[in-house]
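The values are calculated or read from the model by the stated rules, or taken from the named source; none is laboratory data. None of the values given here were measured: they were computed from a predicted structure. Don't worry about glycine lacking a Cβ; one is built from the backbone with ideal geometry, like all the others, and counts go over all protein chains shown.
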Amino acid sequence: AQKVTQAQTEISVVEKEDVTLDCVYETRDTTYYLFWYKQPPSGELVFLIRRNSFDEQNEISGRYSWNFQKSTSSFNFTITASQVVDSAVYFCALALIQGAQKLVFGQGTRLTINP
Amino acid sequence: DAMVIQNPRYQVTQFGKPVTLSCSQTLNHNVMYWYQQKSSQAPKLLFHYYDKDFNNEADTPDNFQSRRPNTSFCFLDIRSPGLGDAAMYLCATSRGVGGPVNEQYFGPGTRLTVT
């Protein structure tokens, strides 16, 4: 069975600080996809990134960056120079390429950026 | 422009009174999902449609039903809502199953209150 663990339930930082959200996953499959979603207070989950298991290149998108390490089964997300608008719940998720390709979510990390 | 639309955004129903939540999409995606999300929890998949094929999760109560009359619309019917069914209900869509796992696009959700 697949499992995603986000050990940080809540993080609170001051604006402009860098912050890293941890995600650790478990699967026996060799082919899978990893995702990050953002859920602001409005409730809608917003897709941030998709990464397949064969692509360990780190990715940077503006202030966002992702570090995928298969050796440690981790897919961590870093926000550089955080802003108040980054305040949200962030979910990491995994899906297998086989079967119904359902998302297995972590429990989420509530990030609060204080002015 | 909204791509996944959910109506209503807020729904209040009485204990035991049937309620229907609706979802529509302009993405022409062939897969549609319904999730239940309770406070401070990750979304929980209830069921999904791959085209017209309905796929129920093993632990989804019989009280929850769904209809998908066409590609664009999907409905969630709760036949006899209980207090424990109060939650945010999220609709999502994605392209295809098989091959790469595509990201899911979520609607803004319907927050259901049961009195």
Point to revise | Positions within the stretch A:24-63 being over 30 Å from residue B:6 (Cα atoms) and of a type in the set (Phe, Trp, Tyr), in sequence order | key: A:25, A:54
Review point. Can we say residue A:99 is free of Cβ contacts under 8 Å to residues at least 24 places away in the same chain and facing another protein chain (nearest Cβ under 10 Å)?
Key: yes
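Filter the stretch A:5-32 down to residues that are within 11 Å of another protein chain (Cβ to nearest Cβ) and modelled with pLDDT under 95 and give me whichever is nearest to residue A:60 (Cα to Cα). Outline the logic, then answer.
Start the filter on the stretch A:5-32 by keeping residues that are within 11 Å of another protein chain (Cβ to nearest Cβ), which leaves A:6, A:9-10, A:31-32.
Filter once more, so that each one left must be modelled with pLDDT under 95: A:31-32.
Values: A:31: 23, A:32: 21 Å.
Going through the qualifying residues, I end up with A:32.
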Practice item. Quickly run through the stretch A:23-55 and pick out the residues that are buried (at least 17 other Cβ atoms within 10 Å of the Cβ), charged (D, E, K, R) and outside any strand (DSSP E or B). Key: A:44
Check your understanding: Residues in the stretch B:37-59 that are within 26 Å of residue A:38 (Cβ to Cβ) and surrounded by fewer than 13 Cβ atoms within 10 Å (Cβ to Cβ): how many?
Key -> 2
Point to revise | Boolean, residue A:83 is within 14 Å of another protein chain (Cβ to nearest Cβ) and touching a residue at least 24 places away in the same chain (Cβ under 8 Å) | key: no
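With respect to residue B:59, determine if the residue is free of Cβ contacts under 8 Å to residues at least 24 places away in the same chain and at positive phi.
No, not satisfied.
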Study note, to complete from the structure: Within the stretch B:20-59, of all residues that are outside any strand (DSSP E or B) and basic (Lys, Arg), the one nearest to the other protein chains (Cβ to nearest Cβ) is B:38
Practice item. Looking at (1) facing another protein chain (nearest Cβ under 10 Å); (2) farther than 22 Å from residue B:102 by Cβ, find the lone condition where residue A:88 falls short. Key: (1)
Exercise for review: Could you list all residues from the stretch B:60-112 that are in a strand (DSSP E or B), surrounded by fewer than 19 Cβ atoms within 10 Å (Cβ to Cβ) and away from chain A (no Cβ under 14 Å)?
Suggested key: B:65, B:67, B:73, B:75, B:77
**Study point:** Among the candidates B:4, B:12, residue that is within 11 Å of chain A (Cβ to nearest Cβ) and either surrounded by 14 or more Cβ atoms within 10 Å (Cβ to Cβ) or more than 10 Å from the chain's Cα centre (by Cα) (or both)
**Key:** B:4
